[in-house]
Every structure is written in C-alpha cells, then in structure tokens.
C-alpha cells in the first residue's frame, strides 16, 4: 500500500538508481512491488525490458498520461504492498501528483552547492503542497553518487546546513559504485549479479549499502 | 459495498485546485491537463479473482478467517487479498525475510 515517490527537480542525481534499488530489494524480500516509470527517459522500463533477473513480484509499468496517473497509483496501491514512482528530473504536474499521493518522498541529491540549492527549492514546493493538502508529506533527502571512501568538505558543509535547517536526510548514502551501473548494463538485480558470479567490483559492499538504505527507508515509513 | 472500507485510496489526498495554485506560485507555466477522475471501485464482476485456491488450515485459523469475512462482509478471496498485502507490509517492516519467525 505505501506509495514512495523518488523525485528531484534536477536530472542525473540518481533517481532511477534509487528507485530501482529500492524496488528490487523489497521484491527480493518477498514483497509485491509495482514500480511506475514516470520518467520520459524510460530508464527503468529499459532495465525491465532486459528481462533477465527481474524479480517475479516486481512489476514495472510505464506511467499513464497525467489525467490517468492518479487512477494508476490508486489501482497499484490496491494490489501491491509497495508502490514506487520514479519521476522525471523536473518539478511539474506528474511530480506534483505523485508527491500529493505519496506516503513518503525520497529526494536524491548530489553533494554540490548547486544541487543543494535546487533541493531546498524543491522542499519548499513539498511544504507548500503540505499546506494545501492539509497533511504532512514525509520526505527525506538522500545523498547519492557519493564517495564510499571520503566525504568531501563541500558535501559535509551541505549536510551540516541541512541539519541546521531541520531538513531530514538519510544517514545512509548511495555511493557511486560500479554495481549500481552494472544492473542497468546487464539487467537484473544486485543479488542476481552476485549469483551469476559476475566480476563487479565491491559487489558485497554495494549490496550492504543498498540494504542499509532500504532498511532506513522502511523505518522512516513506519515512523 | 466498498471493496476496501478500511483503506483510503491515495487519491483521497488529492486537492487538485490547491496543487495547481502551488505549482503556479512556483513558476510552473505549462497548461494543466484535465483534473483526474477518481478511481472507480471495482465491482464483484471485475475482481480479477479467477483462480481456485484450496488449502488445509487449523480450525482456529479457519474460524478467525471466516470471522473477518463476516465482520467486513468480504468474500474469502478479498479477505485473502488483504491478508497477503498486510503480511507483505509487516514482513517488509520487521524484515523477517524468510517468515520463519512467525511460526508458533
């Protein structure tokens, strides 16, 4: 039932990676998931079209036109335990609908000042949507494509600024890892890569990282 | 009879006029599409429950299952559907990946 949207006003910040990791890991834990591809680039649909290794209880569907999108989310929420929506990289009507209907909104961002400023503007949009919908829309920022080894000074400064402004952020970061690119090259899931014996660097660390993100999300959804 | 009286639909949260007001205030200038129609509730003739499913269970489980069916006036297939969704959500939360911790 919970609807989780992955949204950002900026492209290339890791929305599709975040949505795909979340959906595949939930599905591999035995949860039925519908992943709605609302990004015109269709990266999730292309990943699913590779066929190999998509978990059976994960259904990837393209988003309908804006006036059908709401029905689609209703129908998905009635049939799957989790609905994940991967949105396009700009604030618009689809993102606004998805945000309004969501139980939780994930905002991926990279650790640059430019990304941070756009993220803050996007959060203001969500806050304004909260006002008109008269309900709290839980959200959190996740830092993506970070270095697994070091934390640059600029990113640390942005994290401190977010904390000071009371902007919720995930403790887990989605690091820039070869394994996360590999699932889009070869199809399937991280666990599938492991089972296939593919030679992908730091695969175990990538799986631990993604699992930690999903665990943290589930805690936040339950909170 | 509602198919799902205890669960709100996500679209129940939607305030289209308010959403448009917010987007306009944030500089979104593209024309809006028509307001989305509310989702119709599925009637019993379109449930998608087409497959027979028989099993053995303890008398206690059967009685409790039947009690839920009676309480909500749900057919057994719909009760099973809700039960599976609820269990999946619970398992997601407590991360009982193999489900064995729920065994008595």
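In table form, for the structure just shown:
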item	result
Residues of region A:80-99 satisfying the condition of being part of a strand (DSSP E or B) and more than 9 Å from chain B (Cβ to nearest Cβ)	A:84, A:85, A:86, A:87
Check on residue A:24, under 24 Å from residue A:194 (Cβ atoms), more than 14 Å from every other protein chain (Cβ to nearest Cβ) and either in contact with a strand residue (DSSP E or B) (Cβ under 8 Å, 6 or more places away or on another chain) or buried (at least 19 other Cβ atoms within 10 Å of the Cβ) (or both)	no
Some residue of region A:38-46 being more than 21 Å from residue B:33 (Cβ to Cβ) and in contact with a strand residue (DSSP E or B) (Cβ under 7 Å, 6 or more places away or on another chain)	yes
Residue satisfying all of: in region A:213-222; over 10 Å from residue A:172 (Cβ atoms) and either touching a residue at least 12 places away in the same chain (Cβ under 8 Å) or buried (at least 18 other Cβ atoms within 10 Å of the Cβ) (or both); farthest from the other protein chains (Cβ to nearest Cβ) among these	A:220
Region A:5-21, residues that are within 11 Å of chain B (Cβ to nearest Cβ) and either buried (at least 24 other Cβ atoms within 10 Å of the Cβ) or assigned to a strand (DSSP E or B) (or both)	A:5
Region A:40-79: number of residues that are assigned to a loop (DSSP other than H, G, I, E, B) and either out of contact with any helix residue (DSSP H, G or I) (no Cβ under 8 Å at 6 or more places or on another chain) or away from chain B (no Cβ under 12 Å) (or both)	12
Condition met for residue A:139 (in contact with a strand residue (DSSP E or B) (Cβ under 7 Å, 6 or more places away or on another chain) and either modelled with pLDDT under 85 or surrounded by 17 or more Cβ atoms within 10 Å (Cβ to Cβ) (or both))	yes
Condition met for residue A:102 (in contact with a helix residue (DSSP H, G or I) (Cβ under 9 Å, 6 or more places away or on another chain) and within 14 Å of chain B (Cβ to nearest Cβ))	yes
Selection within region A:27-37 - within 14 Å of another protein chain (Cβ to nearest Cβ) and either assigned to a helix (DSSP H, G or I) or closer than 11 Å to residue A:86 by Cβ (or both)	A:27, A:28, A:36
Answer from A:96, A:91 - the residue that is crowded, with 19+ Cβ neighbours inside 10 Å and modelled with pLDDT under 85	A:91
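Here's the yes/no breakdown for (1) surrounded by 17 or more Cβ atoms within 10 Å (Cβ to Cβ); (2) farther than 26 Å from residue B:92 by Cβ:
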{"position": "A:161", "(1), (2)": "no, yes"}
{"position": "A:167", "(1), (2)": "yes, no"}
{"position": "A:174", "(1), (2)": "yes, no"}
{"position": "A:184", "(1), (2)": "no, no"}
{"position": "A:190", "(1), (2)": "yes, no"}
{"position": "A:206", "(1), (2)": "yes, no"}
{"position": "A:211", "(1), (2)": "yes, no"}
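The values are calculated or read from the model by the stated rules, or taken from the named source; none is laboratory data. Note that the structure is a prediction, hence the values are computed from the model and not measured. So basically every Cβ, Gly included, is an ideal-geometry build from the backbone, and we count neighbours across all protein chains shown.
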